[in-house]
Amino acid sequence: MIDIKSLTLEELTEEIKALGEKAFRAKQMYEWMHVKLVRDFDEMTNVSKAFRDVCREHFSFTSLEAIRVQESAIDGTKKFLFALEDGNVVESVWMKYKHGNSVCISSQVGCRMGCRFCASTLDGLERSLRPSEMLDQIYAITKLTGERVSNVVVMGTGEPLDNYDNLLRFIQLLTDDNGLHISQRNLTVSTCGIVPNMRRLADEKLQITLALSLHATTDEKRRKLMPIANKYSLIELMEACAYYFEQTGRRLTFEYSLVGNVNDTDEDVRELIDLIKPLNCHVNLIPVNPIEERDYVESTHERVVNFKNKLEKNKINVTIRREMGRDIDGACGQLRRRHTLEGAR
């Protein structure tokens, strides 16, 4: 069956015409799905029941079911665990800021990148998400919270650039004038550093923000934290980052998880300055969220502040990520993993 929520308006129009219906019906249905965010064909009240029945025979309709919702008592962050139609689960996070609501979505079920401090990768990769499954995390959360989402971060479970084609289709649908029309500038996509796809993405000349999970300042140290570093060196990564800025004019973000006594020393900050100073960039420092399966600990507050101050003295834009949802398994992969382990008992 055809995944109707993953179709562009042009593709949907052709499919609807092929079923013997007039072209305007596609625009109506597209609006029902991507603006009014209906969860089923039956909610499309200006489409005849007979044609809705025809659609059910030809199209699958992705509607994620929230099977667990956790709300932080600290900051109101909400974490959602969604069931997919094949029995897998993915997680998403809704965060409320003064400037608007942000949703962090997953791009895959599990992850094969193997980053040492991340819970998402502990059980490997099950499969990649379809565009509709990425979109519907946002749509379902919008319906459940009753509030508009203004910023989207593709930084949950999975490596977005390992699901490249579906990611591009997702971006096209999310930012489409006929849908939610979220600005490309309000969309951030993270990557652990798949260099060829970083260059492909640069060639698309989108206005999204690319966030590189850097986390180390030498190839040797990065290889210990991130297996992807065995394939692509820091020199290749920095060249790809420079190319991205050259093609898009968009400033890079470097995500840097501070791990106590691993990558948070004065030497580390000096090396980081040397590495990124030539680039137009922003650094997001992240006190690492400890997970049971690893022995990494977060840096002390003093170390984090020292790291930030040294970057600022070298005129590098830097922020310390505000911790959201620490009391509700807020970090990538933690809630999904806990749910999986509970089901195995």
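Name every residue in region 258-274 that is at pLDDT 95 or above and either among the aliphatic types (A, V, I, L, M) or not assigned by TED's automatic domain parsing to the domain that holds Lys310 (or both), in order of residue number.
Within region 258-274, Val269, Leu272, Ile273 qualify.
Show the residue pairs that are 6+ apart or on different chains and have beta-carbon atoms under 7 Å apart, the first residue being within region 1-22 and within 22 Å of Ala50 (Cβ to Cβ), the second being hydroxyl-bearing (Ser, Thr, Tyr) and in a loop (DSSP other than H, G, I, E, B).
Lys5/Thr62
Could you check region 65-170 for strands (runs of 3 or more DSSP E) lying wholly inside it with 3 or more residues that are in contact (Cβ under 8 Å) with a residue 60 or more places away in the chain and in contact with a Pro (Cβ under 6 Å, 6 or more places away or on another chain)?
On the way: elements: 65-71, 78-83, 89-97, 100-105, 108-110, 125-128, 151-154.
Ranges flagged: none.
Within the group Glu15, Glu21, Glu91, Glu11, which residue is under 23 Å from Gln137 (Cβ atoms) and either surrounded by fewer than 20 Cβ atoms within 10 Å (Cβ to Cβ) or over 20 Å from the mean Cα position of the chain (by Cα) (or both)?
Going through Glu15, Glu21, Glu91, Glu11 in turn, just one is under 23 Å from Gln137 (Cβ atoms) and either surrounded by fewer than 20 Cβ atoms within 10 Å (Cβ to Cβ) or over 20 Å from the mean Cα position of the chain (by Cα) (or both): Glu11.
Of the numbered conditions (1) touching a Lys or Arg at 6+ places or on another chain (Cβ under 8 Å); (2) surrounded by fewer than 19 Cβ atoms within 10 Å (Cβ to Cβ); (3) of a type in the set (D, E, K, R), Glu159 satisfies every one except a single condition; which is it?
The one condition Glu159 does not meet is (2).
For region 210-243: of the residues being surrounded by fewer than 20 Cβ atoms within 10 Å (Cβ to Cβ) and out of contact with any helix residue (DSSP H, G or I) (no Cβ under 7 Å at 6 or more places or on another chain), which is nearest to Cys115 (Cα to Cα)?
For region 210-243, the residue satisfying everything is Pro227.
Leu37 - would you say it is modelled with pLDDT of 95 or more and under 16 Å from Asp176 (Cα atoms)? Steps first, please.
Numbers: modelled with pLDDT of 95 or more: yes; under 16 Å from Asp176 (Cα atoms): yes.
For Leu37, the condition - modelled with pLDDT of 95 or more and under 16 Å from Asp176 (Cα atoms) - is met.
Looking at Tyr256, Tyr244 in this structure, which one is hydroxyl-bearing (Ser, Thr, Tyr) and in a helix (DSSP H, G or I)? Show your work before the answer.
Working: Tyr256 fails: in a helix (DSSP H, G or I).
Answer to the selection: Tyr244.
Let me spell it out: the conditions are (1) in contact with a Lys or Arg (Cβ under 9 Å, 6 or more places away or on another chain); (2) over 19 Å from Met155 (Cα atoms), and Leu81 meets all of them except one. Which number is the exception?
Looking at each condition in turn, Leu81 falls short on (2).
So, in region 24-41, of the ones that are of a type in the set (A, V, I, L, M, F, W, C) and assigned to a helix (DSSP H, G or I), which residue ends up surrounded by the fewest Cβ atoms within 10 Å (Cβ to Cβ)?
We begin by selecting, within region 24-41, every residue of a type in the set (A, V, I, L, M, F, W, C); these are 24, 26, 29, 32-33, 35, 37-38, 41.
Next, from what is left, pick out any that are assigned to a helix (DSSP H, G or I): 24, 26, 29, 32-33, 41.
Working: Phe24: 10, Ala26: 21, Met29: 27, Trp32: 18, Met33: 27, Phe41: 20.
This residue is Phe24.
The values are calculated or read from the model by the stated rules, or taken from the named source; none is laboratory data. All of these numbers come straight from a predicted model, not from anything done at the bench. Cβ coordinates were reconstructed from backbone atoms using ideal geometry, including for glycine residues, and neighbour counts include every protein chain displayed.
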